[in-house]
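Asker: Have a look at this one before I ask anything.
The values are calculated or read from the model by the stated rules, or taken from the named source; none is laboratory data. All values reported here derive from a predicted model rather than from experimental measurement. All Cβ positions, even for glycine, are placed from backbone atoms using ideal geometry, and neighbour counts span all protein chains on display.
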Amino acid sequence: MPAFSLEPAQTAWCAELRALAAERLRPLAEKGEPGRVNRPLVAELGRLGLLPRLFTSGAVDLCLMRESLAHACTEAETALALQGLGAHPVHAHGTPAQRRHWLPRVADGAAIAAFALSEPGAGSDAAALSLAAEPDGRDAKDGLDGQGRPNRWRLTGEKCWISNAPEADFYTVFARTTTGAGARGVTAFLVPADRPGLTGSALDMLSPHPVGALRFDAVPVTMDDVLGEPDRGFRVAMGTLNLFRPSVGAFAVGMAQAALDATLAHTAQRDAFGGKLSDLQAVAHQVAEMALRTEAARLMVHAAAAAYDSGATDVPKRAAMAKLFATETAQYVVDTAAQLHGARALQRGHLLEHLYREVRAPRIYEGASEVQRGIIARELYAELADLEAR
């Protein structure tokens with residue numbers, strides 16, 4: 001499939017998703033309590049067959065789902081995305097036992113997943129995380145394998161700004177197993193929420209979904225809880241983010257399109273200065289700019305997703321570009337839409353008031369815009385070095 005076009009079946013599926021989001025998901029979202037996991041909404045995503053697609057579809061389908069849901073119900077989009085973000089490491093790197101136990105429950109909405117990477121002192125600089133995984137025992141019986149390597153640890157420290165915390169049923173947790181090793185000393189663990197020593201608290205954030213902090217007080221984990229291999233968890237994290245960063249862009253595109261659609265309708269109908277708002281060149285040009293940037297962001301997201309699905313070598317660069325451009329674009333489009341709507345856009349309950357609150361966070365989470373620029377620059381110079389070495 002070309003990176004810059006959709007098949008008719010995909011276009012029809014997106015329209016179906018928008019209708020489902022408006023008719024079946026938005027009513028459930030409106031009944032939810034801000035800052036709490038909306039379990040009926042997650043269960044409905046499972047009944048509609050959308051959660052299982054997180055594990056059977058590629059990046060392009062993930063982006064189509066996120067954009068389509070975001071257009072009509074941002075809460076449903078976020079609930080779907082957080083299930084995928086928290087459970088993808090289990091799908092991609094989990095043991096057969098981990099997959100059998102957790103993935104069916106995630107897919108039907110019975111279990112809530114969370115991705116626990118950020119810390120109070122290690123947000124954008126993920127390689128600097130300090131949650132400690134200390135070996136638990138000194139011999140093979142007490143915690144070392146036959147080659148002298150740990151097979152049991154105790155997790156001690158904190159995680160912060162974790163979506164779905166503290167209400168998730170399990171967490172993909174990244175902890176330092178080797179000190180002084182930077183990104184090479186991190187291990188990914190699957191930690192059930194009922195593990196002794198694990199506690200959490202909610203944070204009062206500008207977000208309708210739960211965001212919380214986690215405290216690990218000598219939480220026991222074993223080799224059975226490892227995702228992938230010890231000391232190679234940073235690859236688990238970056239592989240997950242390379243998949244989900246373009247889809248964050250798709251979420252942003254969905255919000256931008258919703259703001260653009262509302263602005264088109266409003267400016268075409270609103271009487272002003274002896275005509276319609278759309279008759280004013282200044283207004284029409286702003287709407288044109290909103291549409292231009294939204295479409296450019298959509299194409300960049302699709303290109304990054306197609307690159308991921310094809311196994312291209314430049315996925316980190318493309319994913320960062322898509323996430324950066326689409327989230328910055330959505331901020332511009334929603335802000336401009338609010339300006340063109342005037343005071344009504346600031347009224348509680350208005351679509352643009354909702355989007356204005358939603359659109360800010362994606363420029364920060366899963367790597368802030370500044371981090372994405374750093375990734376893009378690093379990849380560009382690496383490509384240059386490769387060319388010069390040939």
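Asker: For the stretch 273-281, indicate whether the set of residues that are aliphatic (A, V, I, L, M), over 30 Å from Ser118 (Cα atoms) and in the same structural domain as Asp261 (by TED's automatic domain parsing) is non-empty. Spell out how you get there, then give the answer.
Answerer: Filtering the stretch 273-281 down to residues aliphatic (A, V, I, L, M) leaves 277, 280.
Checking which are over 30 Å from Ser118 (Cα atoms) leaves us with 277, 280.
From the residues that got through so far, the ones that are in the same structural domain as Asp261 (by TED's automatic domain parsing) too are 277, 280.
Yes; the residues of the stretch 273-281 include at least one that is aliphatic (A, V, I, L, M), over 30 Å from Ser118 (Cα atoms) and in the same structural domain as Asp261 (by TED's automatic domain parsing).
Asker: Condition test on Leu85, is it within 24 Å of Ala330 (Cβ to Cβ) and modelled with pLDDT of 95 or more? Can you show your working first?
Answerer: Numbers: within 24 Å of Ala330 (Cβ to Cβ): yes; modelled with pLDDT of 95 or more: yes.
So Leu85 passes the test.
Asker: If you don't mind, there's one more thing I want to ask. Please enumerate the residues belonging to the stretch 31-58 that are out of contact with any Gly (no Cβ under 6 Å at 6 or more places or on another chain) and either assigned by TED's automatic domain parsing to the domain that holds Val301 or of a type in the set (S, T, N, Q) (or both).
Answerer: Correct list: Thr56, Ser57.
Asker: Additional query: Of the residues Arg26, Arg53, which single one is surrounded by fewer than 23 Cβ atoms within 10 Å (Cβ to Cβ), under 19 Å from the mean Cα position of the chain (by Cα) and not hydrophobic (A, V, I, L, M, F, W, C)?
Answerer: Numbers: Arg26 fails: under 19 Å from the mean Cα position of the chain (by Cα).
None of the others qualify; the one that does is Arg53.
Asker: Select from the stretch 173-204 the residues that are outside any strand (DSSP E or B), of a type in the set (Lys, Arg) and over 18 Å from Ala87 (Cα atoms) and list them in ascending order.
Answerer: Step one: filter the stretch 173-204 for residues outside any strand (DSSP E or B), giving 177-185, 193-197, 203-204.
Going one step further and asking which of them are of a type in the set (Lys, Arg), we end up with 184, 195.
Residue satisfying the conditions is Arg184 alone.
Asker: State whether the residues of the stretch 297-304 include one that is surrounded by 14 or more Cβ atoms within 10 Å (Cβ to Cβ), more than 30 Å from Leu384 (Cβ to Cβ) and modelled with pLDDT of 95 or more.
Answerer: The first filter runs over the stretch 297-304 and keeps only residues surrounded by 14 or more Cβ atoms within 10 Å (Cβ to Cβ), leaving 297-304.
Retained after the next criterion (residues that are more than 30 Å from Leu384 (Cβ to Cβ)): none.
The answer is no; no qualifying residue exists.
Rundown of residues vs (1) of a type in the set (Ser, Thr, Tyr); (2) in contact (Cβ under 8 Å) with a residue 60 or more places away in the chain; (3) surrounded by fewer than 19 Cβ atoms within 10 Å (Cβ to Cβ), yes/no style:
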position: Met205; (1), (2), (3): no, yes, yes
position: Asp217; (1), (2), (3): no, yes, yes
position: Arg232; (1), (2), (3): no, no, yes
position: Leu241; (1), (2), (3): no, yes, no
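Asker: Would you point out which residue out of Arg105, Arg99 is surrounded by fewer than 23 Cβ atoms within 10 Å (Cβ to Cβ) and in contact (Cβ under 8 Å) with a residue 40 or more places away in the chain? Spell out how you get there, then give the answer.
Answerer: Working: Arg99 fails: in contact (Cβ under 8 Å) with a residue 40 or more places away in the chain.
Selected residue: Arg105, the only one of Arg105, Arg99 that is surrounded by fewer than 23 Cβ atoms within 10 Å (Cβ to Cβ) and in contact (Cβ under 8 Å) with a residue 40 or more places away in the chain.
Asker: Specify the residue that is modelled with the lowest pLDDT; the eligible residues are those in the stretch 117-143 that are hydrophobic (A, V, I, L, M, F, W, C) and part of a loop (DSSP other than H, G, I, E, B). Walk me through it before giving the result.
Answerer: Looking only at the stretch 117-143, we keep the residues that are hydrophobic (A, V, I, L, M, F, W, C), and these are 117, 122, 126-129, 131-133, 140.
Narrowing the set further to residues that are part of a loop (DSSP other than H, G, I, E, B) leaves 117, 129, 131, 140.
Values: Leu117: 94, Leu129: 87, Leu131: 94, Ala140: 46.
It comes out as Ala140.
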